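Student: This is the structure I have questions about; it appears just below.
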Amino acid sequence: MTSAALLLAAEKESAEVTDWAARIGWVVGLGLFVALVYWLMREGWKWRGTLQGDLPELPGAPDDLGPVRLGMSGRYHGSTTAGQWLDRIVAHGLGTRSRVELTLTAAGLDVVRPGATDFFVPVAALREARLDKGIAGKVLTEGGLLVVTWAHGDKLLDSGFRSDHAAEHGEWVDAINSMIDKTENPTETEGAR
């Protein structure tokens, strides 16, 4: 650059703000707009919960769960209507993402969520377990999500979990599906010697 260009660059400054009232008005207006959008989103969430008010209370874990088959810690990503990965269920806290401790026993699936509502899925309510890539607006890599389909009241729900160690997901799918097969097709010789 020449010295003349350097002098011109040094002389350029941003224009001084002369209309402070207009600037403050724009900032306040933008702040009000953001607050309105947040309020509308919150009201929509509450309305969705009202529409799903017919969903029964979540079952609690029985006193005797039996021996633990599998255990996992990770994240709970939400529940949706079965087969509709974007139709989030928010009633009874099922829409709240949280940490999770999953325990699979002969009685069912115990879902313990610190800071959110715990629930229990009895083995008779389990319908399917599969690997998927998305639920309730959360998209992961292919097979990065453990999705458990279960019956609650007269609805089928999909609940999505992600283990801290994603390699565990396959074992969970096999274990849950084998439990479902045993409850649907019990053998006559089971327990006989």
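The values are calculated or read from the model by the stated rules, or taken from the named source; none is laboratory data. All of these numbers come straight from a predicted model, not from anything done at the bench. Neighbour counts run over all protein chains shown; Cβ positions are idealised from the backbone, glycine included. To get the accessible areas, we keep the full protein, side chains included, count just its heavy atoms, and leave off ligands, DNA and RNA. Shrake-Rupley method; radii C 1.70, N 1.55, O 1.52, S 1.80 Å.
Student: Just one of (1) at pLDDT 90 or above; (2) farther than 28 Å from residue 55 by Cβ; (3) open to solvent by 50 Å² or more (accessible area, probe 1.4 Å) trips up residue 156, so point out which.
Tutor: Looking at each condition in turn, residue 156 falls short on (2).
Student: Within 29 Å of residue 46 (Cβ to Cβ) and surrounded by 18 or more Cβ atoms within 10 Å (Cβ to Cβ): which single residue out of 172, 85 fits that description?
Tutor: 85
Student: If you go through the range 135-145 one residue at a time, how many are open to solvent by less than 50 Å² (accessible area, probe 1.4 Å), without any contact (Cβ under 8 Å) to a residue 60 or more places away in the chain and closer than 21 Å to residue 99 by Cβ?
Tutor: 4
Student: Restricting to the range 103-131, count the residues that are within 23 Å of residue 142 (Cβ to Cβ) and open to solvent by 70 Å² or more (accessible area, probe 1.4 Å).
Tutor: Summing the residues that are within 23 Å of residue 142 (Cβ to Cβ) and open to solvent by 70 Å² or more (accessible area, probe 1.4 Å) in the range 103-131 gives 3.
Student: Further question: Is one or more of the residues making up the range 128-148 closer than 24 Å to residue 49 by Cβ and more than 13 Å from the chain's Cα centre (by Cα)?
Tutor: no
Condition check ((1) modelled with pLDDT of 90 or more; (2) outside any helix (DSSP H, G or I)) across all residues:
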{"site": "102", "(1), (2)": "yes, yes"}
{"site": "170", "(1), (2)": "yes, no"}
{"site": "180", "(1), (2)": "no, no"}
{"site": "189", "(1), (2)": "no, yes"}
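Student: Okay, next question. Might you check whether a residue that is more than 24 Å from residue 59 (Cβ to Cβ), part of a strand (DSSP E or B) and modelled with pLDDT under 85 occurs anywhere in the range 126-133?
Tutor: no
Student: Does residue 60 count as in contact (Cβ under 8 Å) with a residue 60 or more places away in the chain, within 27 Å of residue 178 (Cβ to Cβ) and either of a type in the set (D, E, K, R) or in contact with a strand residue (DSSP E or B) (Cβ under 7 Å, 6 or more places away or on another chain) (or both)?
Tutor: The answer is yes for residue 60.
Student: Inside the range 138-154, can you point out the residues that are in contact with a strand residue (DSSP E or B) (Cβ under 7 Å, 6 or more places away or on another chain) and part of a strand (DSSP E or B)?
Tutor: 138, 145, 146, 147, 148, 149, 150, 151 - these are the residues of the range 138-154 that are in contact with a strand residue (DSSP E or B) (Cβ under 7 Å, 6 or more places away or on another chain) and part of a strand (DSSP E or B).
To keep it simple, each residue is scored yes or no on (1) modelled with pLDDT under 85; (2) outside any strand (DSSP E or B).
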| residue | (1), (2) |
| --- | --- |
| 47 | yes, yes |
| 54 | yes, yes |
| 57 | no, yes |
| 69 | no, no |
| 72 | no, no |
| 75 | no, no |
| 78 | no, no |
| 86 | yes, yes |
| 96 | no, yes |
